[in-house]
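The values are calculated or read from the model by the stated rules, or taken from the named source; none is laboratory data. No experiment lies behind these values; they were computed from the predicted model shown. All Cβ positions, even for glycine, are placed from backbone atoms using ideal geometry, and neighbour counts span all protein chains on display. To get the accessible areas, we keep the full protein, side chains included, count just its heavy atoms, and leave off ligands, DNA and RNA. Shrake-Rupley method; radii C 1.70, N 1.55, O 1.52, S 1.80 Å.
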Amino acid sequence: MLFTLANSPQHCDFALLINMITQDDALLLMQDGVLAALDGSEACNLMSHHVQSIYVLSEDLAARGLVGQISHKITLIDYTGFVALTEKHAQQTAW
């Protein structure tokens, strides 16, 4: 399953989201969800211990001036990569 996070981790039940993600799932951070990718943040540390595949939408990261401030464990993708993730994961859920 592909999980997409469009809200700041402070404005959702982020711990619940992370606990729902299995080894075969992927998490895409977009819109304000990119804040979870900030290196050293509590959200980033939680993700890195529980989620295998984490992606962040580069356009949303750039729009918030956060390029170069994310964890090296998170993969940057563009909209083409987003489409590829949706093709790979038949089921999706948005947070």
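Using a simple spin-label model with points 7 Å from Cα along the Cα→Cβ vector, what separation in nm is obtained for Gln91 and Val67?
Distance between the two pseudo-spin positions: 3.7 nm.
State, as an integer percentage, the relative contact order of the chain based on alpha-carbon contacts under 8 Å between residues 6 or more apart.
37
Carbon and sulfur atoms: what percent of the 1.4 Å accessible area of the chain do they account for?
49
Give me the dipole magnitude in Debye, nearest 20, for region 27-95 about the Cα centre, with unit charges on the beta carbon: positive for Lys and Arg, negative for Asp and Glu.
140
Helix-only mean residue ellipticity at 222 nm, the chain, DSSP H runs n ≥ 4 weighted -39,500 (n - 2.57), per residue, nearest 500. What is it?
Taking each H run of at least 4 residues, the total per residue is -9000 deg cm²/dmol.
For Ile70, what residues show an amide H to amide H distance below 5 Å, using hydrogens built from the backbone and excluding near sequence neighbours?
Residues meeting the amide H criterion: Asp39.
Give the Debye-formula value of log10 I(q)/I(0) at each listed q (0.12, 0.19, 0.21 Å⁻¹), with one equal scatterer per alpha carbon of the chain, two decimals each.
Result of the Debye calculation: -0.30, -0.81, -1.01.
Between Gln31 and Asp78, what length in nm is gained on full extension when 0.36 nm per residue of separation is reduced by their alpha carbon distance?
Separation in residues times 0.36 nm, less the Cα-Cα distance, equals 15.7 nm.
Just subtract the alpha-carbon distance of Glu59 and Asp13 from 0.36 nm times their residue separation and send over the number in nm, one decimal.
Full extension of this stretch gives 14.1 nm more.
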